[in-house]
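Worksheet for the structure shown next.
The values are calculated or read from the model by the stated rules, or taken from the named source; none is laboratory data. All values reported here derive from a predicted model rather than from experimental measurement. Note that we place each Cβ from the backbone using ideal geometry, even for glycine, and neighbour counts take in every protein chain shown.
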Amino acid sequence: MLAIGLTGQVGAGKSTALAWFGGRGAATLSADRIADRVWEREEILERARRLWGSNVVSNGRLDRAALARRAFASPDEQAKLCGLIHPPVRAEIERSLPANGIAVVEIPLLFESGLPWWCQGVIYVAAPLTRRGERNAGRGLDEAELSRREAFFSPDGDRKSKSDWVVVNDGSLEELHGKLECLWDELRLLDGLMAVGWQGSECEAKELEAAGQIARWSCSGGECRAFSLDRHIGRLSGKLAGLWSSKNFCMSCRARKALVFELSARTGQERE
């Protein structure tokens, strides 16, 4: 099981990328779509009324335009919105994650709301502001509105540096698909390299994530080979050996890349 978080700039093409991964066979989840269902709950609507007044709820349904005006008015108001909607959305995501295969979960505020414990890697989708304004004009998201909303996000550079992959969507749809195809090949390698199953302990996942910050190494195409973990795990030393135990751990992408690098290096030495 390989669980990937998908995030990026507003209007950069995250949903387009999510749909593409779904077409390749990945299990896909959208935090925004889950939030739509959460907003149908009467207890959530009632809490919204208490927070922002009756004008954000009309005829028993959420008035999204009114909510957006209130929620993006200040960081404090946005924090209230996140505190209301993020906990139930996260709980639903955790219940929906599959036990096997590759899962891609689109979460716009992935870093701002705290990286989920199950997230093993992050894809960040970016695009020039002018291109984003052109693509999203029909949704009422011109450059000014995009900039206003992104003022509540963490700095773009910080989010990129925390991501494992950055996809720049600055060309045609076909060009974006080509970039995603290369990324998909890498995800398949990282998922298929090791037979690690899902585990439900947040504490264990956090411990392993800490151990996973050993190295950052990219492998794609024919530059690296997949090796059998069972045949090589006994030869690992140091921190890498601690990434495996009799339990089924949720290994981060960085840990998996480090393991591929270590196995590749050791096998090369043996052949020499």
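Please indicate, with yes or no, whether at least one residue in the stretch 65-82 is within 16 Å of ALA3 (Cα to Cα) and either buried (at least 16 other Cβ atoms within 10 Å of the Cβ) or within 20 Å of the chain's Cα centre (by Cα) (or both).
no
So, TRP184, is that one touching a strand residue (DSSP E or B) at 6+ places or on another chain (Cβ under 7 Å) and either modelled with pLDDT of 85 or more or not assigned by the TED database to the domain that holds ALA103 (or both) or not? Even if it seems obvious, please write down each step before you answer.
Details: touching a strand residue (DSSP E or B) at 6+ places or on another chain (Cβ under 7 Å): no; either modelled with pLDDT of 85 or more or not assigned by the TED database to the domain that holds ALA103 (or both): yes.
In short, no.
Can you spot a residue in the stretch 134-148 that is within 18 Å of GLY5 (Cβ to Cβ) and either in the same structural domain as ALA68 (by the TED database) or at pLDDT 90 or above (or both)? Break it down into steps so the answer makes sense when it comes.
Let us first name the residues in the stretch 134-148 that are within 18 Å of GLY5 (Cβ to Cβ), namely none.
Looking through the stretch 134-148, none of the residues is within 18 Å of GLY5 (Cβ to Cβ) and either in the same structural domain as ALA68 (by the TED database) or at pLDDT 90 or above (or both).
Can we say ALA91 is surrounded by fewer than 18 Cβ atoms within 10 Å (Cβ to Cβ) and under 21 Å from PHE153 (Cβ atoms)?
When the stated conditions are applied, ALA91 does not pass them.
Given the stretch 24-127, what helices (runs of 4 or more DSSP H) lie entirely inside it while holding 3 or more residues that are touching a strand residue (DSSP E or B) at 6+ places or on another chain (Cβ under 9 Å) and touching a residue at least 24 places away in the same chain (Cβ under 8 Å)?
Filter on the stretch 24-127 gives 75-96.
Mind checking which pairs have a first residue in the stretch 138-158 that is surrounded by 11 or more Cβ atoms within 10 Å (Cβ to Cβ) and a second that is of a type in the set (Val, Ile, Thr), Cβ under 6 Å, 6 or more apart or different chains?
Partner pairs satisfying both residue conditions: LEU146/VAL10; ARG149/VAL10; GLU150/VAL10.
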